[in-house]
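So the structure is just underneath, and the comments pick up after that.
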Amino acid sequence: MLLPPKVAQGVREGTLTLAFRRWRRPDVRSGSEFRTSAGVVRVESVEVIEPAEITDADAAQAGHPNADSVRRRLAGEPGWPTYRIRLGWAGEDPRIALRGDDALSDADVAALDAKLERLDRASSHGPWTMDTLALIQRRPHTRAPDLAAEMGRERDPFKIDVRKLKNLGLTISHPVGYEISPRGLAYLARTPRGRR
């Protein structure tokens with residue numbers, strides 16, 4: 001489930017607690033958690049409602065001026081069910097702490113080596129992990145389309161790959177571009193994997 005940054009921040013602050021979606025089948029379930037720009041959000045409950053049941057008070061908890069505004073913004077097929085999703089903030093994005101952890105043991109380095117080798121083997125475009133880390137290290141805060149072009153790749157698949165590195169705590173995303181995290185720098189200094 002995607003939340004706009006303003007809504008995610010409202011959930012973090014406790015000022016927004018609801019979201020409304022029209023889905024063929026629910027994309028989330030009660031108890032699930034997902035990362036947002038403001039941290040981890042937990043789905044407290046998911047229930048099917050009729051759009052006419054949305055109140056102005058519900059709309060305010062979802063960041064809308066009134067119930068009609070919510071109904072107008074519901075996407076999807078009109079015959080699909082409408083869901084009221086209650087949201088709560090579950091904490092900071094664990095990748096933030098992970099990317100700052102640069103005290104890597106030999107076992108940590110070996111585990112990262114194994115994960116990156118798996119990503120390289122699973123790739124349809126060949127090994128990419130070390131080249132991507134090297135490029136980001138060489139060109140921090142550079143636009144993703146420019147980095148992707150330098151590697152001869154399309155922007156969106158490139159960004160998906162960088163997100164995989166971010167999930168391992170090796171990179172940091174910025175409004176423009178990326179940089180290697182302290183954990184990533186420590187890994188690059190210690191790994192025996194050669195850059196291609």
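Measure off 7 Å from each Cα along the Cα-to-Cβ vector at R121 and N66, then give the distance between these two points in nanometres to one decimal.
Computed distance between label sites R121 and N66 equals 6.0 nm.
Below 11 angstrom from the Cβ of S45, what's the summed charge of the other residues (Lys, Arg +1; Asp, Glu -1)?
+2
Rounded to a whole number, what % of the accessible area of the range 126-169 do carbon and sulfur atoms account for, probe 1.4 Å?
47
Could you please tell me the mean projected area of the C-alpha convex hull for the range 37-149, averaged over all directions and given in square nanometres to one decimal?
So the mean shadow area of the Cα hull is 11.9 nm².
Semi-axes of the equivalent ellipsoid for the range 41-90, please: Cα gyration tensor eigenvalues, times 5, square-rooted, ordered largest first, whole Å.
Three semi-axes, in Å: 18, 14, 9.
Would you work out which of I180, T191, G88 lies farthest towards the positive end of the dipole of the range 79-196? Charges go on Cβ: Lys and Arg +1, Asp and Glu -1.
G88
Could you provide, to the nearest whole Å², the per residue accessible area of the chain with probe 1.4 Å?
Per-residue value: 55 Å².
Karplus couplings for the range 145-155 from phi (6.51 cos²θ - 1.76 cosθ + 1.60, θ = phi - 60°), rounded to Hz, Gly and Pro as x?
Result, ordered by residue: x, 5, 5, 4, 4, 5, 8, x, 10, 6, 4 Hz.
At a Förster radius of 30 Å, what calculated FRET efficiency corresponds to the Cβ-Cβ distance of S105 and Q137, to the nearest 0.05?
Computed FRET efficiency for S105 and Q137 comes out at 0.85.
Taking Cα centroids, how far is the range 1-80 from the range 155-171 in Å?
Taking the Cα centre of the range 155-171 as reference, the centre of the range 1-80 is 27 Å away.
Taking K and R as +1 and D and E as -1, what net charge do the other residues with C-beta under 14 Å from the C-beta of I160 add up to?
Net charge in that neighbourhood comes out at +3.
If you compute Rg/Rh (Cα atoms, Kirkwood Rh) for the structure shown, which of (1) 1.02; (2) 1.07; (3) 0.98 do you land on?
(2)
Report the residues of the range 165-196 in range of a label on D146: point 7 Å along Cα→C-beta, backbone N strictly under 17 Å from it.
Hits in the range 165-196 for D146 at 17 Å: 173-180.
The values are calculated or read from the model by the stated rules, or taken from the named source; none is laboratory data. Worth saying up front: this structure is predicted, and the values here are computed from it rather than measured. So basically every Cβ, Gly included, is an ideal-geometry build from the backbone, and we count neighbours across all protein chains shown. Side chains included, ligands, DNA and RNA excluded: accessible areas come from the protein's heavy atoms. Shrake-Rupley method; radii C 1.70, N 1.55, O 1.52, S 1.80 Å.
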